[in-house]
Amino acid sequence: MRAINAAIIGCGAIHICHVEALRHTTGAHLRAIVDTDIVKGQALATSYGCHFYQDYREMLQDQNIDVVHICTPHYLHKTMILDALAAGKTVFSEKPVGMNSLEVAEIADAAARATGILGVCYQNRFNPTSLAVREVLASNVLGKMLSIKAVLTWSRLGGYYSDSPWRGRFATEGGSLLINQAIHTLDLMQWFAGGVDSVKGVVDSGPLAGTIETEDSAMATFALHNGARGLFWATNNHTADSPLLLEVHGEKGMLQLRDNTLWQISGDQRVALASDNPPTGNGKNYWGIGHQKAIQQFYRAIQHEADSEYIDIQQAAKSLYIVEAIYRSSQLRQWINITQ
């Protein structure tokens, strides 16, 4: 069986996670990269030992390319996904798969008719601590879930937005804090609880108000599908990127993710269950360590291995629906039902 040839569109910061993952994925081969910056793109292609294209549409004509990884700004995702699927390619996209539910519906329709599959990168689901949370919840050792809370405090200074003007704008990013940084946390919360039925939230902008037109802070309360309550706070106004703080409170105890270690707490007893070690290479610690596992699982699915799990368009849409609901709730100051 020949290697599965991949191309990566977009050579920004996140693309290195895909390069490293492909290097450690059996049967995968990086054949090409695509970037509008010719100098950077050609230099990276030489370093990686692959082809370079400035125009992704030219790359899609290469019949030897099987899988397209999309690592571009949000507003380009939909068009590139649709073009790649129409060209008969399998697609693996960074989040968000689209900027709103209308885009998701269009992409889902195309994916249903396509010959290749579509996967979305919610890599934090594959972190050891996330998998351990799911295992504990499935065992019912905590009893009924009562609540889940998450606190995300990261730092994004003005230069983060001015250096990449597509960020911080509704038309090109689709939002800011929620759809970019916090969407992974929202995905984990809904995944652990089996979905979100309704939400009441508020978004605002403080120190970044003069720099972006979107939000730098958000809070929300969720009515979770399993009957529990969800509590969420996030901001990009901290002075450091702190690890996610997440707690699951059950009838018989609690799970607490703190400083990248998951603890099971029952009375005075406190046991460490799993830890997320910092990623190696050029990645950033707050991205987590799940990219390699997520990409490897996706390639196993391409190879038709029945036990492979990857995040499809339906799964990926759930956190985006929550993001939209929080934005709408903040505008209307009322609870918003989520239909999934």
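Selection of the range 127-142 for residues being crowded, with 22+ Cβ neighbours inside 10 Å and not in a loop (DSSP other than H, G, I, E, B) yields Thr129, Ser130, Val133. Restricting Ala193, Ala234 to those that are crowded, with 20+ Cβ neighbours inside 10 Å and touching a His at 6+ places or on another chain (Cβ under 7 Å) reduces the list to Ala193.
Taking every residue in the range 172-198 that is within 29 Å of Thr79 (Cβ to Cβ) and pairing it with any residue that is of a type in the set (Asp, Glu) and at pLDDT 95 or above, at least 6 positions away or on another chain, the pairs with Cβ-Cβ distances below 7 Å are Gly175/Glu215; Ser176/Glu215; Ser176/Asp216; Leu177/Glu215; Leu177/Asp216; Leu178/Glu215; Ile179/Glu173; Asn180/Glu173.
Taken over the range 151-166, the residue count meeting the criterion of being farther than 29 Å from Arg258 by Cα and either touching a residue at least 40 places away in the same chain (Cβ under 8 Å) or in the same structural domain as Cys71 (by TED's automatic domain parsing) (or both) is 3.
On inspection, Asp62 qualifies as in the same structural domain as Thr115 (by TED's automatic domain parsing) and in contact with a strand residue (DSSP E or B) (Cβ under 8 Å, 6 or more places away or on another chain).
The set of residues in the range 151-171 that are of a type in the set (Ser, Thr, Tyr) and surrounded by fewer than 20 Cβ atoms within 10 Å (Cβ to Cβ) comprises Thr153, Ser155, Tyr160, Ser162, Ser164.
Within the range 97-138, track down each residue that is over 20 Å from Ser308 (Cβ atoms), assigned by TED's automatic domain parsing to the domain that holds Cys71 and in contact with a strand residue (DSSP E or B) (Cβ under 8 Å, 6 or more places away or on another chain). Passing the criteria: only Ile107. Checking the range 202-212 against the condition returns no match, with no residue being assigned to a strand (DSSP E or B), under 27 Å from Arg134 (Cβ atoms) and of a type in the set (Val, Ile, Thr). For the range 66-89, a residue qualifies if it is crowded, with 22+ Cβ neighbours inside 10 Å, β-branched (Val, Ile, Thr) and out of contact with any helix residue (DSSP H, G or I) (no Cβ under 6 Å at 6 or more places or on another chain), and the qualifying residues are Val67, Thr72.
Given the criteria modelled with pLDDT under 95 and among the polar types (S, T, N, Q), does Ser266 qualify? Here the answer is yes, as Ser266 does meet what is asked.
Evaluating Tyr160 against the criteria (1) within 24 Å of Tyr299 (Cβ to Cβ); (2) assigned to a helix (DSSP H, G or I); (3) not β-branched (Val, Ile, Thr) leaves one unmet condition, (1).
If you scan the range 300-340, which residues turn out to be charged (D, E, K, R) and over 21 Å from Val67 (Cβ atoms)?
The answer is Lys318, Glu324, Arg328, Arg333.
Of the helices (runs of 4 or more DSSP H) that lie entirely inside the range 1-79, not one contains 3 or more residues that are touching a Lys or Arg at 6+ places or on another chain (Cβ under 8 Å), closer than 20 Å to Arg300 by Cα and hydrophobic (A, V, I, L, M, F, W, C). For the range 310-340, a residue qualifies if it is surrounded by fewer than 18 Cβ atoms within 10 Å (Cβ to Cβ) and farther than 30 Å from Arg300 by Cβ, and the qualifying residues are Arg328, Gln331, Leu332, Arg333, Gln334, Trp335, Asn337, Thr339.
Mind checking whether some residue in the range 143-150 is touching a residue at least 12 places away in the same chain (Cβ under 8 Å), crowded, with 17+ Cβ neighbours inside 10 Å, part of a helix (DSSP H, G or I) and not small (Gly, Ala, Ser)? No.
For the range 172-190, the set of residues classified as surrounded by fewer than 22 Cβ atoms within 10 Å (Cβ to Cβ) and more than 13 Å from Ile326 (Cβ to Cβ) consists of Thr172, Asn180, Gln181, listed by residue number.
Run down Asp197, Asp241 and say which single residue is touching a Phe, Trp or Tyr at 6+ places or on another chain (Cβ under 7 Å) and acidic (Asp, Glu).
Asp241
The values are calculated or read from the model by the stated rules, or taken from the named source; none is laboratory data. Because the structure is a prediction, the values reported are computed rather than measured. Cβ: placed from backbone, ideal geometry, glycine included. Neighbour counts: every protein chain shown.
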